[in-house]
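The values are calculated or read from the model by the stated rules, or taken from the named source; none is laboratory data. In this text the structure is predicted, and so the values were computed from the model without any measurement. FYI the Cβ positions are ideal-geometry reconstructions off the backbone, even for glycines, and counts take in every protein chain you see.
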């Protein structure tokens, strides 16, 4: 039997987290290949619709990572991201999607090893709860309804 390999979408801030991921790669730190990285200008620009679309389209987990609080290149973008993601986590729990499918973290450009550790943790958390069947079932029902 083949083990479950999750699909994780990572929205990474251009200035810090993406650079941290790049450092992890250049330094050859090992981390799971489950993550698909989307480079964004700032974590504060991540809209909740991006997160829902990623989950709806089949991602088993979503990671949003930005600069440490107080170090944002756009001054307060990471504070907006944190506030937005807390609201989204509440929405997920109402809909019946485990909160572990969503993770917010702060990684600076010099924290390549921490980035690799974070991806391992997120992958492990998502493997623990399994495939994203909640939204896949909803999507199939919706498509069936629209095709009738």
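Would you check which residues across the range 105-137 are touching a residue at least 60 places away in the same chain (Cβ under 8 Å), exposed (fewer than 15 other Cβ atoms within 10 Å of the Cβ) and under 16 Å from residue 58 (Cβ atoms) and list them?
130, 131
For residue 106, all conditions in the list (1) touching a strand residue (DSSP E or B) at 6+ places or on another chain (Cβ under 9 Å); (2) farther than 25 Å from residue 24 by Cβ hold save one; what is the number of the exception?
The number of the failed condition is (2).
What residue, of 40, 97, is in contact with a helix residue (DSSP H, G or I) (Cβ under 9 Å, 6 or more places away or on another chain) and at pLDDT 95 or above?
Just a single option satisfies the conditions, and that option is 40.
When the range 40-88 is examined, which residues are found to be surrounded by fewer than 21 Cβ atoms within 10 Å (Cβ to Cβ), touching a residue at least 40 places away in the same chain (Cβ under 8 Å) and touching a strand residue (DSSP E or B) at 6+ places or on another chain (Cβ under 6 Å)?
If the condition is that a residue be surrounded by fewer than 21 Cβ atoms within 10 Å (Cβ to Cβ), touching a residue at least 40 places away in the same chain (Cβ under 8 Å) and touching a strand residue (DSSP E or B) at 6+ places or on another chain (Cβ under 6 Å), then 68 is the only one that fits.
Please enumerate the residues belonging to the range 9-31 that are under 18 Å from residue 124 (Cβ atoms), surrounded by fewer than 24 Cβ atoms within 10 Å (Cβ to Cβ) and in contact with a strand residue (DSSP E or B) (Cβ under 8 Å, 6 or more places away or on another chain).
Within the range 9-31, just 9 meets the criteria.
Filter the helices (runs of 4 or more DSSP H) completely within the range 45-148 down to those with at least 1 residues that are within 14 Å of the chain's Cα centre (by Cα) and over 18 Å from residue 10 (Cβ atoms). Steps first, answer last, please.
Details: elements: 48-56, 77-95, 112-129, 133-147.
The helices (runs of 4 or more DSSP H) meeting that bar are 77-95.
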